[in-house]
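Quick notes on the structure that follows.
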Amino acid sequence: MIQIIIGISTVIATVFIQSITVILVLRYLFSVVSEGRVGGGFFKDAMLLSSLMVIIFCGHLVQIGLWAEVFRACGEFENFSSAFYHSMVNFSSLGYGDIVMSEKWRLLGSLEAVNGILMFGISTAVFYAIIRRIFTKRIMKMINSDTNDAKKSENLKSFFSDGGRN
């Protein structure tokens with residue numbers, strides 16, 4: 001029973017960390033948008049997306065580190081590096097199996113794997129929404145700027161208005 005309580009408490013903590021990460025990503029995005037730096041060019045957009053990915057990645061590393069500390073507190077690992085490695089394998093659902101926790105605490109590994117899948121899913125959804133928004137802004141800019149080539153502009157409008165089914 002204690003394993004479930006510790007596991008669920010850790011999941012709740014990682015959800016909080018994920019929420020903070022998403023808020024940081026959105027605040028950074030809002031500042032960039034308010035300064036007009038979105039859709040301004042290939043390299044500006046690439047730098048923005050890279051920055052956002054780094055923030056998201058760091059959020060996941062903090063969550064993995066939290067699980068590693070939980071494993072150490074439960075007496076499963078003597079050093080942080082082994083606990084962190086094991087935690088990263090669990091969180092990412094990689095599941096090497098080269099390090100196995102004791103029977104008493106192995107349920108935590110499964111809970112961490114489920115937790116990692118959910119957190120990666122949230123990160124993917126947020127990142128997808130941002131990419132879609134940047135892409136849409138870029139396409140609208142192209143459509144509106146191609147006044148010299150009415151056919152090209154019409155093709156872009158047609159493709160993106162019907163979801164690319166044409």
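The values are calculated or read from the model by the stated rules, or taken from the named source; none is laboratory data. All values derive from a computational prediction rather than experimental measurement. No Cβ is skipped: glycine too gets one built from the backbone with ideal geometry, and neighbour counts run over all protein chains shown.
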Looking only at region 67-83, which residues are crowded, with 17+ Cβ neighbours inside 10 Å and either hydroxyl-bearing (Ser, Thr, Tyr) or closer than 20 Å to Leu118 by Cβ (or both)? Trp67, Ala68, Val70, Phe71
Out of (1) within 30 Å of Lys137 (Cβ to Cβ); (2) surrounded by 17 or more Cβ atoms within 10 Å (Cβ to Cβ); (3) among the hydrophobic types (A, V, I, L, M, F, W, C), the one Phe42 does not meet is (2)
Considering region 106-141, residues that are within 18 Å of Ala46 (Cα to Cα) and β-branched (Val, Ile, Thr), and then whichever is farthest from the chain's Cα centre (by Cα), we arrive at Ile139
Taking region 123-160, which residues are part of a helix (DSSP H, G or I) and among the hydroxyl-bearing types (Ser, Thr, Tyr)? Ser123, Thr124, Tyr128, Thr136, Ser145, Ser153, Ser158
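Only one of these is under 24 Å from Thr10 (Cα atoms), in contact (Cβ under 8 Å) with a residue 24 or more places away in the chain, assigned to a helix (DSSP H, G or I) and of a type outside the set (A, V, I, L, M): Phe120, Phe84, Phe57. Name it.
Working: Phe84 fails: in contact (Cβ under 8 Å) with a residue 24 or more places away in the chain; Phe57 fails: in contact (Cβ under 8 Å) with a residue 24 or more places away in the chain.
Checking each option against the conditions leaves just Phe120.
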Qualifying positions in region 115-130 - loosely packed, with under 14 Cβ neighbours inside 10 Å and closer than 11 Å to Asn90 by Cα: Ile117
Hey, can you tell me all the residues within region 1-40 that are of a type in the set (D, E, K, R) and assigned to a helix (DSSP H, G or I)? Arg27
Confirm whether Val22 is more than 18 Å from Ser123 (Cβ to Cβ), surrounded by 15 or more Cβ atoms within 10 Å (Cβ to Cβ) and of a type in the set (A, V, I, L, M, F, W, C). no
Every pair of residues 6+ apart whose Cβ atoms lie under 7 Å, when the first sits in region 148-166 and is under 16 Å from Thr136 (Cα atoms) while the second is at pLDDT 70 or above and part of a helix (DSSP H, G or I): Ser153/Ile143; Leu156/Ile139; Leu156/Met142; Leu156/Ile143; Lys157/Ile143; Phe160/Ile139
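Taking the stated definitions as given, is Ile99 in contact with a Ser or Thr (Cβ under 9 Å, 6 or more places away or on another chain), surrounded by 14 or more Cβ atoms within 10 Å (Cβ to Cβ) and not in a helix (DSSP H, G or I)? Step through it out loud before you land on a result.
Values: in contact with a Ser or Thr (Cβ under 9 Å, 6 or more places away or on another chain): yes; surrounded by 14 or more Cβ atoms within 10 Å (Cβ to Cβ): yes; not in a helix (DSSP H, G or I): yes.
When the stated conditions are applied, Ile99 passes them.
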Restricting attention to region 12-34, report how many residues are touching a helix residue (DSSP H, G or I) at 6+ places or on another chain (Cβ under 8 Å) and of a type in the set (Ser, Thr, Tyr). 3
Could you please find all residues in region 25-39 being small (Gly, Ala, Ser) and exposed (fewer than 12 other Cβ atoms within 10 Å of the Cβ)? Ser31, Ser34, Gly36
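Gly65 - would you say it is among the small types (Gly, Ala, Ser), in contact (Cβ under 8 Å) with a residue 24 or more places away in the chain, in a helix (DSSP H, G or I) and out of contact with any Pro (no Cβ under 9 Å at 6 or more places or on another chain)? Can you show your working first?
Working: among the small types (Gly, Ala, Ser): yes; in contact (Cβ under 8 Å) with a residue 24 or more places away in the chain: no; in a helix (DSSP H, G or I): yes; out of contact with any Pro (no Cβ under 9 Å at 6 or more places or on another chain): yes.
Criteria not met by Gly65.
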